[in-house]
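Asker: Dropping the structure in here first, questions after.
The values are calculated or read from the model by the stated rules, or taken from the named source; none is laboratory data. Remember, predicted model here, so these are calculated numbers, not experimental data. Neighbour counts are summed over all protein chains in view; Cβ atoms, including those assigned to glycine, are modelled from backbone coordinates with ideal geometry. Heads up: the accessible areas ignore ligands, DNA and RNA and are worked out on the full protein's heavy atoms, side chains in. Shrake-Rupley method; radii C 1.70, N 1.55, O 1.52, S 1.80 Å.
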Amino acid sequence: MVAIVIVGVGALVDLEVRVANIVAACTGAGLVALLHGMLALAIGAATGNRALALGASSAAFVAGYLLQALSGLVHAIEPLRMLSTLHHANATI
């Protein structure tokens, strides 16, 4: 749905991005969201604590984001980039 809107609006403003790239980016983002949602569901089911489930899933996402973003700047953590879900969603980020 999001990809269709981006392609539609992109045609109006001459967005020069291939449809395949838009679909790939939306799919990757959806899979990352699905993974972290399943992580929250699993933690919530195991502990019965909603706050812990949301906090742990959010912390895992933020840690992955920081790892992905900083690994391009800090050479020492570049090998750890593979631990980030964002790296696997779209390795060109």
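Asker: Specify which of the listed residues (V62, V9) is over 21 Å from A89 (Cα atoms), assigned to a helix (DSSP H, G or I) and out of contact with any Phe, Trp or Tyr (no Cβ under 8 Å at 6 or more places or on another chain).
Answerer: Residue meeting the stated conditions: V9.
Asker: Going through segment 3-27 one residue at a time, which ones are hydrophobic (A, V, I, L, M, F, W, C) and open to solvent by 90 Å² or more (accessible area, probe 1.4 Å)?
Answerer: I4, L12, V13 - these are the residues of segment 3-27 that are hydrophobic (A, V, I, L, M, F, W, C) and open to solvent by 90 Å² or more (accessible area, probe 1.4 Å).
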